[in-house]
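Worksheet: one structure, shown below.
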Amino acid sequence: LDDIRLAGAFGLSLSRLMALAEPAQGPMLRMRDQPVWQDPGTGLLRRQVTAAGSPVELVAVELPPGARIAYPPSAYRATAQVIWVMAGQLDFAEGAVLHRLQAGDSLALGAPAHCEFRNASTLPCRYLVAVAPRPAS
């Protein structure tokens with residue numbers, strides 16, 4: 001959670017902050033070179049699919065059965081995000097609204113709010129998050 005707060009303080013996504021710590025890359029990022037991080041508490045596995053400096057960030061995530069992970073509104077302040085579920089089921093709480101997403105479903109996030117990703121099923125949930133700078137309002 002400290003990493004998320006740090007990223008939010010700089011107006012970055014957690015993935016972008018992590019990518020900045022990696023060596024410089026070209027426009028192509030082979031799978032073997034994509035940074036992977038696993039949350040020791042939940043087992044969540046995240047892979048930075050796009051190279052640092054890409055105009056759109058793609059992050060592949062696997063959320064284990066029964067896992068949940070929460071993010072404060074500051075994590076969404078500077079970015080627009082879309083979630084696309086590739087396999088399994090994802091319960092996504094966006095503030096007081098709960099979205100139940102199945103494989104193939106996508107969701108564009110609204111205004112920054114407290115968010116929680118939950119996998120209430122007995123199978124892993126795999127999803128992709130597309131992240132872009134939030135348009136100025």
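The values are calculated or read from the model by the stated rules, or taken from the named source; none is laboratory data. Please read all numbers here as calculations on a predicted model, not as lab measurements. Methodologically, a virtual Cβ is constructed for each residue, glycine included, from the backbone with ideal geometry; neighbour enumeration extends over all protein chains shown. With ligands, DNA and RNA removed, areas are computed over all heavy atoms of the protein, side chains included. Shrake-Rupley method; radii C 1.70, N 1.55, O 1.52, S 1.80 Å.
May I ask you to compute the full-extension gain from residue 136 to residue 87, defined as 0.36 nm times their residue separation minus their alpha-carbon distance, rounded to one decimal in nm? Could the numbers behind the result be given before it?
On the way: separation 49, 0.36 × 49 = 17.64 nm, distance 3.31 nm.
Gain on extension, residue 136 to residue 87, equals 14.3 nm.
Given a 1.4 Å probe and heavy atoms of the protein chains only, how would you sort 106, 121, largest accessible area at the top? Don't skip to the answer; put the middle values down first.
On the way: 106 80, 121 35 Å².
So, going from the largest accessible area down, we get 106, 121.
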Quiz item: Whose amide H sits under 5 Å from the amide H of residue 121, counting only residues 5 or more places off or on another chain, with H placed in the peptide plane?
Solution: 66
Quiz item: With every protein chain present, what accessible area does residue 99 have (1.4 Å probe, heavy atoms only), rounded to the nearest 10 Å²?
Solution: 40
Self-check item: Dipole axis of segment 25-137 (+1 Lys, Arg; -1 Asp, Glu on Cβ), positive-most option in 109, 59, 82
Solution: 59
Practice problem: Calculate I(q)/I(0) for segment 30-126 by the Debye formula, one identical point scatterer on each C-alpha and no solvent, and give its log10 at q = 0.19, 0.26 Å⁻¹ to two decimals. | Solution: -1.01, -1.54
